[in-house]
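Below you'll find the structure, written out as structure tokens, and then a few comments.
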Amino acid sequence: MKAQERRDAIAGYLASADKAVPASTLAEKFGVSRQVIVQDIAILRANGCDVISTSRGYVVDGGGLASRVFKCRHTLEELVREAEIIISGGGRIEDVFVSHRVYGRISARLGLTSVTHAEELYRSLKSGASKPLMSVTDGYHYHTVCAESESALDGIEKALRSAGFLIEI
């Protein structure tokens with residue numbers, strides 16, 4: 001199988017999958033290394049295929065994923081803890097947005113899939129180069145979170161509530 005044929009087959013396989021597919025599963029299915037799969041995914045993305053990485057594998061265009069918006073409030077110092085709760089519960093933090101009284105909705109795509117990503121975001125914001133969106137709304141902000149199931153989102157919601165981060169909408 002040629003590289004382009006394999007990438008087309010990967011995109012088709014992911015689009016028809018009912019849950020996230022790990023790179024190791026794709027590697028075994030297509031008879032290549034995991035690294036080749038990672039490179040193929042990068043090429044698919046560069047060519048406009050909306051492949052999303054989750055903590056459990058790859059999906060196309062949100063295929064097989066449930067999503068929910070959570071309204072949260074915390075300090076900048078608690079940003080990594082919030083991300084740990086979401087990611088360890090099987091979630092992916094797609095974005096952050098605030099509802100500004102004058103400007104309306106202001107958002108930024110995050111795509112956080114690991115605590116390392118959250119730590120990098122925290123260090124960048126802590127350096128003072130930019131302010132977090134939540135700073136314009138006294139810490140209030142929203143996240144769109146994707147996970148493999150509604151029950152995973154229920155667990156994330158419960159954990160955020162328990163940590164005191166969740167604001168009831």
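The values are calculated or read from the model by the stated rules, or taken from the named source; none is laboratory data. Since we're looking at a predicted model, the values are computed, not measured. When we count neighbours, we look across all protein chains shown, and the Cβ atoms used for this are built from the backbone with ideal geometry, even at glycine.
List the residue pairs whose Cβ atoms are under 9 Å apart, where the first residue sits in the stretch 5-22 and is surrounded by fewer than 19 Cβ atoms within 10 Å (Cβ to Cβ), the second is of a type in the set (S, T, N, Q), and the two are 6 or more positions apart or on different chains.
Close Cβ pairs satisfying both conditions: Lys19/Ser149.
Looking for something buried (at least 17 other Cβ atoms within 10 Å of the Cβ) and either of a type outside the set (A, V, I, L, M) or modelled with pLDDT under 90 (or both) - is there at least one such residue anywhere in the stretch 158-165?
First pass over the stretch 158-165, keeping only residues buried (at least 17 other Cβ atoms within 10 Å of the Cβ): 159-160, 165.
Still in the running and either of a type outside the set (A, V, I, L, M) or modelled with pLDDT under 90 (or both): 165.
Checked against the condition, which is being buried (at least 17 other Cβ atoms within 10 Å of the Cβ) and either of a type outside the set (A, V, I, L, M) or modelled with pLDDT under 90 (or both), the stretch 158-165 yields at least one hit.
With (1) among the basic types (Lys, Arg); (2) in contact (Cβ under 8 Å) with a residue 40 or more places away in the chain; (3) touching a helix residue (DSSP H, G or I) at 6+ places or on another chain (Cβ under 6 Å); (4) surrounded by 17 or more Cβ atoms within 10 Å (Cβ to Cβ) as the list, and Arg56 as the residue in question, which single condition is left unmet?
That leaves (3) as the condition not met.
Cβ-Cβ distance below 8 Å, separation of 6 or more or different chains: which pairs start in the stretch 157-169 with a residue that is under 16 Å from Arg92 (Cα atoms) and end on one that is part of a loop (DSSP other than H, G, I, E, B)?
Matching pairs, first to second residue: Ala159/Gly89.
I want to confirm something. Restricting to the stretch 108-118 and keeping residues that are surrounded by 15 or more Cβ atoms within 10 Å (Cβ to Cβ) and of a type outside the set (A, V, I, L, M, F, W, C), which single residue is nearest to Val136 (Cα to Cα)?
Pass one, the stretch 108-118, residues surrounded by 15 or more Cβ atoms within 10 Å (Cβ to Cβ): 110, 112-113, 115, 117-118.
Going one step further and asking which of them are of a type outside the set (A, V, I, L, M, F, W, C), we end up with 113, 117.
Working: Thr113: 25, His117: 23 Å.
Result: His117.
Filter the stretch 84-98 for residues that are out of contact with any strand residue (DSSP E or B) (no Cβ under 6 Å at 6 or more places or on another chain) and either within 17 Å of Val136 (Cα to Cα) or in a helix (DSSP H, G or I) (or both) and give the result. Lay out the reasoning, then the answer.
Here is the first cut: in the stretch 84-98, the ones out of contact with any strand residue (DSSP E or B) (no Cβ under 6 Å at 6 or more places or on another chain) are 84-85, 87-89.
The answer is Glu84, Ile85, Ile87, Ser88.
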